[in-house]
Amino acid sequence: QVPLVESGGGLVQAGDSLRLSCAASGRAFTTYTISWFRQAPGKERELITGIIWNNTTYYADSVKGRFTISRDNAKNTVYLQMNSLKPEDTAVYYCAARAGPVLSNKGLYNYWGQGTQVTVSS
């Protein structure tokens, strides 16, 4: 089991920054791939970034250059630093864990957090 808890969401203005955290428990955390998905109202949940055990990262084009994912294995935490936020970044952000590479198919992730809302006003 790898329970996940997201935090750090909120209401910000366009151009602002936020840092989301995904805290996990369990010894297996360091071997898992952790990805961030987001789901805007009326849209599918989409993969935006992921980090595997050796710190190799993946970014969707929509967030590349603005968002940075990192992990602190000593704290069992993955961070998502979001800069230059845009109104279209408004969504519920979820972290998810799986063993293996970063994949966009959300059905292949074993563990999910409860989500944290990010709202970006224009």
| said: How charged is the neighbourhood of S122? Take every other residue with its Cβ under 13 Å from the Cβ of S122, and add Lys/Arg as +1 and Asp/Glu as -1. | reply: -2
| query | Which whole-percent values make up P(r) of the stretch 16-77 when all C-alpha to C-alpha distances are grouped in 5 Å steps starting at zero? | reply | 4, 16, 26, 24, 18, 9, 3, 0
| Are there GluC sites (Glu not before Pro) in the stretch 15-98 that DSSP marks as loop and that have at most 14 other Cβ atoms within 10 Å, and which are they? | E44
| query | Over the Cα atoms of the chain, what Rg and Dmax result, in angstrom? | reply | 13.3, 42
| field | the chain, relative contact order in percent, only Cα pairs under 8 angstrom and at least six apart counted | value | 37
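Taken together, the values in this text are just the output of simple stated rules run on the coordinates, not laboratory data. These numbers come from a predicted model, not from an experiment. Methodologically, a virtual Cβ is constructed for each residue, glycine included, from the backbone with ideal geometry; neighbour enumeration extends over all protein chains shown.
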